[in-house]
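FYI, it's all coordinate maths here, none of it is from the lab. Everything quoted here is computed from the prediction, not taken from an experiment. Glycine also receives a Cβ, built like all others from the backbone with ideal geometry; neighbour counts cover every protein chain displayed.
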Amino acid sequence: MSTPSRPDRPDQPQHPHQTRRPGRTPADDAVAHRWVPSARFAAHLRQLRSATGLPWRVLALACGVSPRTVDRLLGGGRPPRRIRQVDARRLLLLDTRALAALELELVKADGTTARLRALVGLGVPLSQLCSELRIDRTELLDLISGRRRRCTAMVRLRTRAACQSRRMWTWSEDVGPTESEEAA
């Protein structure tokens, strides 16, 4: 029995039991499964962490690579010999200029406000949040209360990282902006 052909929908699987995320093409899947040696990318991450002082979770969120991959590249656990090519490309796009731009870019704070309220509800001290987010107490209180409607993209990433470190949100929930943040 031959595999059904779908010339009208090239993004659809050719076999009825194949699955592919919507919007992905066979070429995307092929690139996602290529592997490259990891040493160069581990060195790149170490240089970024040294230059910026950012925690590894923030670096992972900033480039869209799994926190586990970034942690392992930076020495948390057994270092990988190879990483996916798609992750390697994302890591190379991240540089100090891109990270500095996140400090200036304003985004809607709705998701950040919700995350901060959840952190406070867990009993995380405000002084610790100020330190982790690198903002002053007034800005933090304004974000928590909802008086501040915008924050920097970096504050948003640091808040997500703070939630991740406390196992409040999973990696998959932190990919990309929330719907309300995207509408900014």
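Numbers for the structure displayed
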| quantity | calculated |
| --- | --- |
| Distance between modelled label sites at Ala51 and Arg147, nm, 7 Å Cα→Cβ extension | 3.8 |
| Distribution of pairwise C-alpha distances over the range 35-101, 5 Å bins, in % | 3, 19, 35, 28, 11, 3, 0 |
| Packing rank of 152-164, 41-53, where each peptide gets the mean count of other beta carbons within 10 Å, highest leading | 152-164, 41-53 |
| Rounded, prolate or oblate (a/c below 1.5 giving rounded, otherwise prolate when a/b exceeds b/c) for the range 77-157 by Cα gyration tensor | prolate |
| Karplus (6.51, -1.76, 1.60) ³J(HN,Hα), θ = phi - 60°, over the range 86-99, in Hz, Gly and Pro reported as x | 5, 5, 4, 4, 4, 5, 5, 6, 8, 9, 5, 5, 5, 5 |
| Residue-span extension gain [Arg34 to Arg167] - 0.36 nm each, minus C-alpha spacing | 44.9 nm |
| Trypsin sites (Lys or Arg not before Pro) within the range 89-144: DSSP coil, no more than 16 neighbouring Cβ in 10 Å | Arg134 |
| Cut-off 17 Å (backbone N to label point 7 Å along Cα→Cβ of Arg134), residues of the range 95-112 | 95-107 |
| Normalised contact order of the range 35-101, rounded percent, pairs of Cα under 8 Å and 6 or more residues apart | 45 |
| Distance (nanometres) between label positions extended 7 Å along Cα→Cβ at Arg81 and His44 | 2.1 |
